[in-house]
Every structure is written in structure tokens, then in C-alpha cells.
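Here the structure comes first, spelled out in C-alpha cells, and everything after it is commentary.
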Amino acid sequence: MPNHFNAECIDCGHQVPYVPASPACPKCGSEWLEARYDYAEVAKRWPLELPGRSFNLWRYFDLLPVQTPNPAFSMGEGGTPLLRAANLGLMLGNANIYIKDERQGPTHSFKDRQAAVSIAALKEAGINELVLASTGNVAIAYSAYAARAGMRLWVFLTSLVPAVKMRETALYGAQVVKVTGSYDQAKQTAAEFARQRGIYLDKGARSIPCIESMKTIAFETVEQLTALAGSPGNPGSENAPLWKAPDWYIQSISGGMGPLGVIKGFDELMQMGLIDRFPKFGLVQVDGCAPMVHAWKQNKENAQAVIAPRTLIHTLATGDPGRTYALLRKKILAHAGGHFEMVSDDEAYRAMHILAKMEGLSVEPAAAVSIAGVIKMVRAGIIKPNETVMINCTGHTMPVERNILGEGWSKDLTLPSTNEMEEGKEEGLLAALSKVGIDRFPRIAIVDDNPDVRRLIRRILQSQGNYSLFEATNGREAVELARKEQPNLMILDLMMPEMDGFAVMDALKADVTTADIPIVVVTAKELTPSEKEHLRGHVQTLMQKGDFLSDDLLDEVRALLG
């Protein structure tokens, strides 16, 4: 049946029927409107009807600003997986970290939700041409959906947007206008173009379909989290809520439109009694363009615009968030609270490596910013070890740029000629392969009787460099391994059965072939003064196992390997 809703002005409270072509309040002129629905009716229907609906964005059509969704425009948007980040969680000391994998949308970013709902709403209203400004993902998503719906699209992109994104946008048939300037300047140019030609302008956070589309992330998350956890938020109560909400929702942000919509989604779930708590919001920006973070840390109600963003992650280079920050701050403070954090470009690139090598997820830098933010917030104790964390992996895999991988990421292998292969097939191939290992990577032995600890150390090292890694599960194996493999470094646990770490060090020192192997001791044991004295002169570094989260282990490894 048709969906019924009104548009309510957030400044004066006046309600009117929603009309996309008239996006301002007729009473006060404000462009900040929000959709309002019959929440009591939806709260009755959802527990009964949702189990029979497809798991995609339109599953929640009752709370979307489209009277009658047209399945012909859909491309399977929404319904993205919620993945437990087991290895990242092991590294961070938190077993409840989940990643909402928005890469798996039709154009591989969470902007597919925005484009799907916006295009459907505009098409329903008889609008067939629109203008927007973008830093990349919005342009690609809208171009694809506009093509499917037969709409004409003008896209204004800053010249700093990666060329591959510009080309994909153009491939769908959109008219690309490249603006040599900042994203804020591109937005201003797009707005003036739309005004002069009388074309509908997509206004992002001031657009009802844009905000409403992002709610579906909250709706999907609580359903998926409840299924993974096996129980709702308050299972002991007779009036238990239907779904379980996370303790934290984390997202990297540019203009902040996405979190505004997600907040509204959680707000509506609370209003309908379907969850029993509101999550804290952790919003992350790059330090070269972090107006919201600076305003938050200075406890200011409004953010001061960054005139010249300095970051290589251009998709997050919105220097002026406008009113969005004030709204986010007000909503976050009014609910469960939260935190704004910033990370450097380098921290984001490093997080890309960590996520790819630990979880098998290759993401673009803008998405990695949220991962880097979580690492930073866990280190600072803002996110607690027992809290459930949901990270919005907002963006798709991009062709990996050279500055992300650095030098030496591959090795050349020249195979023998056909004649050489015929003369001695096996010998020629083996000889060619042996040449790859001439300049061997540093060799590290990991010694611990706990397989989880060994796996964690291995993952940390693999995420940061090309090391040849060997493992031993007890002291006797460690001594044999050292004599056989001659590692450049040993990472050694002290408390092991049969032969502990102290005995291992004594055995290595007594053998001239292993006496000079540097040792990093990692232990959960509180050492006595005599034990500390025993270690003196035997090890280069002593670390507690809880310190794995810090950079200390990697710094020590790099220093010892020269």
C-alpha cells in the first residue's frame, strides 16, 4: 500500500506533505526538513511482516519517503553483510568489532542507498533532471541509478577526485563538469548552475531522501547484530526489545550527512521500542580537513571552515560542514554521547594494510579512516574492551595507488627461455625461483605456547612488513628452531611448559651459533626483581602482552632488524 508521511521543519515544527520540488518550509523558509511517519503503526507491523520481506533497502519501505517504490529502478541496494572482525578484534583486545561491508552495494559504496532512494523519490515526483556536486562515490552511485531511471544528471567534481572515479561517472552517461578548486567551491558552482537553469539540485544533508536512505544502515545493523549475538538487547524482560543495538557506531565523515541519517534511524527504532539503547557515535576525519573534530574538542557549537584542506584523501575534503556539525553535536550530546576523532593520511594508509592483511578486506582510504579512528579510540580508552563496535566500511576497493604500497612491493622473476626449459625443465624453473629469495626478507621466530598469541603477533608483523616468520610452541622447539633457521630476531614468551623462556635464553647464549640472536620478551607475568636481573643483558626489550596494541612491538622489531 502507498506510504504516508509528512515533512516537518526542524526550526519551526510546521508540517506539510513532502514535495521534492518544494524543499523549503512554507512557513519560515528553512530548508531543513525531516520526514515524519506513523511510528506506532510501523512498530506493530514490522515484527510480523519483516521476516517475510527480502533483506535489502526496500525491506523498510514503511519508513522511506517514496509512496510506491518502483522495483524497476532497484539494483539490489542495501542488505550488505555485517562481518565480525575477529583478527582486528584480537589485536585490539575486543572480541565484538563488526564491519558493515558497504563495498558490496551495486556501485560499491554506501552512497548507493542515497542514490537509490533519491532517484526513486524524484522520479515519482516527475523530476527527470538533476545537478549534484561530489567528491567521487556520490557521483558514481547517482550516475548509475540515473541511467537506470532514464534521468539526466549533471555532476560537478573537484579536479582532485581520482581520475578513475571521474571516468566511471562518465561511463554511465552523466555530464561531468571538472572544477579546478575545492569541493566547497564545486558545490557553490553546482548550486549556481542549477539555479540559473532551473534544475533540481541535490542538497545532501538538506534533502529528505538523502537522510532517510541512511537510516536503513541502522535498521539492518540491529537486525544483523541480534542474529549474530543470538539474543535481543534485554532478553530477560517480558517486554524485551526486538533487536540489539551496538554500543558504538563508527564512520569516517566528510560533510556528515551519513551519520545524520543513521542517528535518525536509531532514534526511530528507540521511538518504536524496537531497541533499548542508543549507541554512541564515533565520527572520524582526516587531520588535514577536520573542522568538526576541532570544534568538538574546543566544545564549540559551530565548526570553523577549513579553507584549504591538506589531505591526499580528497573524498573527505569537505572544508565547510555548514549546519551539519551543529546538528550532529546536538543529537550526539542529547543521546548516548560520542566522540569526534582525527587521523593522519599515513594512519589511514596503514589501516588499509592492517584491514587487508588481517581481515581480507581491501578498502579505499576514506573507509580506512574509520578503522584508524577505532584503533586510536581503543588506545585512548574511549572505546572499552567489552563494548560492541559497528564500523561502517563506507567505500569500495580502488586501484591501489603507488604511494600506499611504497617501494619493493613485488619481485621480478624472469623464467628461462623455452630452450633452457627443454634442456632441464625442473632444474631451470627451480633455479629461476631460487633467485627470488637471494635478498631474503628478515627472519623472525615467534615463540609462545598460546596459539592465539602467536597468531596475533604473526598478523601484526604481516600487516606491516614482509617478514619470513617461524613459530615454536614451547622452549625446546624454540632452541631447535633457532639452530636450524638462524632467525634475525626472536619474540619470546617467558611462561611455557617443559622449558620456559629463561631456559631458552640460557641455551641460546651457550651456543655460539645462536648467542647473538636479538630477543624481544613478551610476557603477561609480573616479574620479580631476581627475574628482571636474570633478563638483564639477555634481551633487548621486555614488553607486557597488553602492549601489543601500541606501536612499541613494531618499532622494536624495525630497530633491531636495522
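Throughout, read-outs are computed from the coordinates displayed, never taken from laboratory work. Owing to the predicted nature of the structure, the values given are computational and were not obtained by experimental measurement. No Cβ is skipped: glycine too gets one built from the backbone with ideal geometry, and neighbour counts run over all protein chains shown.
Fully extending the segment from E192 to N70, taken as 0.36 nm per residue of separation minus the present Cα-Cα distance, adds 40.8 nm. As a rough footprinting exposure proxy, the listed residues S74, S213 were ranked by other beta carbons within 10 Å of their own, and the order from fewest upward is S74, S213. Each Lys and Arg Cβ is given +1 and each Asp and Glu Cβ -1; about its Cα centre, segment 1-60 then shows a dipole of about 260 debye. Can you check what the net charge comes to around Q224, using other residues whose Cβ is under 14 Å from the Cβ of Q224 (Lys, Arg +1; Asp, Glu -1)? For residues surrounding Q224, the net value is 0.
In plain terms, the chain from L171 to H294 could stretch by 40.4 nm, reckoned as 0.36 nm per residue minus the Cα-Cα distance. Rounded to whole numbers, the Karplus 3J(HN,Hα) couplings from phi for segment 61-66 are 4, 4, 10, 10, x, 10 Hz, using 6.51 cos²θ - 1.76 cosθ + 1.60 with θ = phi - 60°, and x at Gly and Pro.
For segment 492-509 versus segment 181-202, the spacing of their alpha-carbon centroids is 68 Å.
Under the simplified labelling scheme, the R310-A147 pair shows an inter-label distance of 3.9 nm, with each label point 7 Å from Cα along Cα→Cβ. Using the beta-carbon distance between L542 and E301 and R0 = 56 Å, what value does 1/(1 + (r/R0)^6) give for FRET efficiency, to the nearest 0.05? It comes out at approximately 0.70.
Normalized C-alpha radius of gyration of segment 232-371, against 2.2 N^0.38 Å?
Values: Rg = 16.6 Å, N = 140, 2.2 N^0.38 = 14.4 Å.
Cα Rg divided by the expected 2.2 N^0.38 Å: 1.15.
Approximating the spin labels as points 7 Å out from Cα along Cα→Cβ, the M495-to-K384 distance works out to 2.5 nm. Segment A229..L48, full-extension length gain: 63.1 nm, with 0.36 nm per residue of separation and the alpha-carbon distance subtracted. Residue-wise HN-Hα couplings along segment 10-25, as the Karplus relation 6.51 cos²θ - 1.76 cosθ + 1.60 with θ = phi - 60° gives them from phi, are 6, 9, 10, x, 5, 10, 9, x, 6, 10, x, 6, 10, x, 10, 5 Hz; Gly and Pro carry x. Computed from the Cβ-Cβ distance with R0 of 35 Å, the FRET efficiency linking A240 to T473 stands at 0.20. Ordering H4, H108 by the number of other Cβ atoms within 10 Å of each residue's own Cβ, fewest first, gives H4, H108. Inter-label distance, F55 to K509: 5.7 nm, where each label sits 7 Å from its Cα along the C-beta direction.
In this structure, the amide hydrogen of V284, modeled 1.01 Å from its nitrogen in the peptide plane, lies closer than 5 angstrom to those of Q251, S252, I253, E341, counting only residues at least 5 positions away or on a different chain.
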